[in-house]
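Report on the following structure.
Read-outs throughout are calculated quantities, based only on the coordinates presented, and are distinct from any laboratory measurement. Since the model is a prediction, treat every value here as computed from it, not as a measurement. Cβ: placed from backbone, ideal geometry, glycine included. Neighbour counts: every protein chain shown.
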Amino acid sequence: MARPRNTKDTPRPAGGQLQWTLGLVAAAVLIAWGLIAMQQRSGATKAADATTAAVAEVVAEMRRGLPQPFAPGLVTESIEIEGNRLIVRIRSERRRAERAHQDRASLMRVAEAEQAQLLQLCQDPGVARVLAHGVTLVRRFVDADGGLFFDVSITAAECAPTARTG
């Protein structure tokens, strides 16, 4: 009867144990890397969900009571989210965009004045919270037919004290 061989007696190639150990270490590293990546994605998803919830809360508050007067002859009509932009749509009740664009210099002066007023919203805690999440706040001025007069916008960087005073 043949005696079973003792595996300890079997000669192994010199690098065999080393290759096996390196393979095991590589597999462990890949598994750990995968787990870390999944955890980071999960954390990013939670952060994105928190951002979405914070923005949605502010948008819901801003939408209350719309449409509402913005200024004489202007009505805040809607507030929508387009990508990372929060669009506040303001409609002119009488003026037409096509006609306003005929006097480009005057239209640009109005746009500059609106941009300056928009910066005042940096002081609003709700707006500041939305901007802090990487959202750009846009006021879009349109006529009754949807024709665009102009857009003005602000970001968190523009609300920073150095951006306003510098």
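Before moving on, here are some points about what is shown:
- One chain, two ends: Ala160 and Ala105. Fully extended at 0.36 nm per residue, the span grows by 16.9 nm beyond their Cα-Cα distance.
- The GluC sites (Glu not before Pro) of segment 73-161 that meet both conditions, a loop assignment by DSSP and at most 13 other Cβ atoms within 10 Å of the site Cβ, are Glu93.
- Note, ³J(HN,Hα) from phi for segment 84-89, Karplus 6.51, -1.76, 1.60, rounded to Hz, x at Gly and Pro: 9, 10, 9, 9, 9, 8
- Charge tally around Val135: other residues with Cβ under 14 Å, Lys/Arg +1 each, Asp/Glu -1 each, net -2.
- Rounded if a/c under 1.5, otherwise prolate or oblate - segment 60-165, Cα gyration tensor axes: oblate
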